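Notes follow the structure.
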């Protein structure tokens with residue numbers, strides 16, 4: 001009697017299970033990568049918001065009083081919360097300005113922190 005060649009049903013099911021596991025792992029990896037890109041984009045825009053605020057202060061020659069303030073900014077259609085903290089320094093001709101940028105939907109987590117020094121003119 002001659003033995004039939006080919007795959008048994010069990011072998012085919014095991015091969016399909018292995019392929020399904022591999023495809024689900026690839027799908028998960030691509031979704032993690034997509035989430036990372038979105039987060040990177042938001043952090044990049046937050047950096048631009050912080051640098052824009054710092055540049056505006058420097059260009060205007062602002063000399064703000066020590067204290068805290070906050071406002072909302074929009075960059076590329078995304079809302080951000082901008083918090084500024086002005087502090088006196090040992091040198092009376094300088095003030096430290098700390099700028100923190102938060103996502104408007106999650107104001108408890110800072111996306112970007114920037115510190116600059118303003119000089120009296």
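Read-outs throughout are calculated quantities, based only on the coordinates presented, and are distinct from any laboratory measurement. Small disclaimer: the values here were computed from a predicted structure and weren't measured. As a convention, Cβ positions derive from the backbone with ideal geometry for all residues, glycine included, and neighbour counts pool all protein chains shown.
Working value for segment 9-119: equivalent-ellipsoid semi-axes of 49, 12, 10 Å, each the square root of 5 times a Cα gyration tensor eigenvalue, largest first. Ordering 48, 63 by the number of other Cβ atoms within 10 Å of each residue's own Cβ, fewest first, gives 63, 48.
Comparing 51, 105, 84 in a Gaussian network model of the chain (Cα springs below 10 Å), the most mobile by mean-square fluctuation is 105.
Mean residue ellipticity at 222 nm, helices only, the chain: -16000 deg cm²/dmol; runs of at least 4 DSSP H residues each add -39,500 (n - 2.57), and the sum is divided by the number of residues.
Put in order of Cβ neighbour count within 10 Å, fewest first, the listed residues 112, 3, 93 become 3, 93, 112. Against the main long axis of the alpha-carbon atoms of the chain, helix 9-60 sits at an angle near 10°.
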